[in-house]
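Student: Pasting a structure below so you can have a look.
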Amino acid sequence: MAKDVNEMTKEEVLERIIRLGFDGDERRFKKFCKTMQAGLPEGTGVALRGSVVTNERYEDGSPFDANGKGTSDLDVTLIGDKVMECWDRDAFYIPGLHTKPLGDKDPDIAPSLNKLRKRLQRMAGRPVNFQATSNLVLFARDVLFDQPYFTLISADENS
């Protein structure tokens, strides 16, 4: 069974993310983060959610990449008002607070971000999905629904 992310240090969670999502290649992970930060609107925070953080798929408890290498996606949560403006008006679950995911299934809902997402996907060697949300929704998902996240870039770092 995967070690509970709530019992891990930030360093241990980061090591897990690099090991699972980037085949243990810290340089590739850092390049991924730097590319993402450079391509996002100023003031955008970035967090990872999902099985790359927990090593357990939310729906069924299976481990990261249970269906083979590169099969699990990276759920990238973008935080901030400017980045939410990149989504089409009708591409929100909660208007102004929480978007639908930008991924291969819906690449046209945030067209100005899709090129960056696809570049990151090639760098990671696995699917990458973007979703924009408010701090309130991110916090609520963590606390109320036990969907922890790991902050890669705080909003003030990207200003």
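Rule-based calculations on the coordinates, nothing more; no lab input. In this text the structure is predicted, and so the values were computed from the model without any measurement. Here the Cβ positions follow ideal geometry from the backbone for every residue, glycine too, while neighbour counts run over all protein chains shown.
Student: What full-extension length gain, to one decimal in nm, is calculated for Asp108 and Tyr93 as 0.36 nm per residue of separation minus the Cα-Cα distance? The partial results should precede the final answer.
Tutor: Numbers: separation 15, 0.36 × 15 = 5.40 nm, distance 1.59 nm.
Extra length from Asp108 to Tyr93 when fully extended: 3.8 nm.
Student: In the stretch 5-158, what percentage of the DSSP-assigned beta bridges are antiparallel, given to the nearest 5? All intermediate terms of the calculation are to be shown ahead of the outcome.
Tutor: On the way: 13 of 19 bridges.
So the antiparallel bridges in the stretch 5-158 amount to around 70 percent.
Student: Ok, one more. GNM, the chain, Cα, under 10 Å: largest mean-square fluctuation among Ile79, Ile18, Ile94?
Tutor: Ile94
Student: Shifting gears a bit: Using Cα atoms only, what is the angle between the long axis of helix 135-145 and the major principal axis of the chain, expressed in degrees (0 to 90) to the nearest 10?
Tutor: 40
Student: Exposed loop trypsin sites (Lys or Arg not before Pro) only (DSSP loop, at most 11 other Cβ atoms within 10 Å): please give the longest stretch of the chain free of them, not including the sites. Before the final figure, lay out the partial values.
Tutor: On the way: sites that count: Lys69, Arg89, Lys105.
Maximal segment without exposed cleavage sites: 1-68.
Student: So if I place +1 on the C-beta of Lys and Arg and -1 on the C-beta of Asp and Glu, and nothing else carries charge, what would the dipole magnitude of the chain be about its Cα centre? I want it in debye, nearest 20. It would help to have the intermediate numbers written out before the result.
Tutor: Numbers: 23 positive and 26 negative charges, 142 e Å.
Roughly 680 debye, rounded to the nearest 20.
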